[in-house]
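Please read the structure below before turning to the comments.
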Amino acid sequence: MEGASKFLKGILGDISSRSAYSQIIIGVSSGWVTGYTTIKFGKFAAFAIGGSIILMEIAHQEGFIKIDWPKLSRSVDKIAEKTERYLDRKLDKAEDKLKGKTIKVRKWYAKYIGDEEGPKINDLHIFITSFIGGIALGIATG
């Protein structure tokens, strides 16, 4: 894993020190790869999950396995409730931390976006805009 990290750092380096054209090319390329692989992985995951459910149902109908669907449904509902409560607690903690640090957030906003009078275009904007465009292109071609 460390080798991959060094490889990426060598290729990308400090993107903000590169020209706007390089930032756009890197942003679009990395965005396209992200969008394309997300779509491909999503299709594979949907196929795998859907196929497993269909195979389970066929095996159930042929008598190879016995599935207690109401019990399975209750188990899934319990897991969903636990997950929802866990995420709610984590989001509440994050919200409390952000409420306490509004000054730091304003400074961060001013540093990356511009000043309090409005946004100013900088290196980060160029890269993020091209990255999002690349994601859209990757999703469209995926």
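Readers should treat all values here as calculations from the given coordinates under stated rules, not as data from a laboratory. Owing to the predicted nature of the structure, the values given are computational and were not obtained by experimental measurement. All Cβ positions, glycine included, derive from the backbone under ideal geometry; neighbour counts span all protein chains shown.
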What is the spin-label model distance, in nm, from VAL76 to LYS90 if the labels are put 7 Å beyond Cα along the C-beta direction?
2.2 nm
Counting pairwise Cα distances across region 22-99, what percent come out greater than 16 angstrom?
75 percent
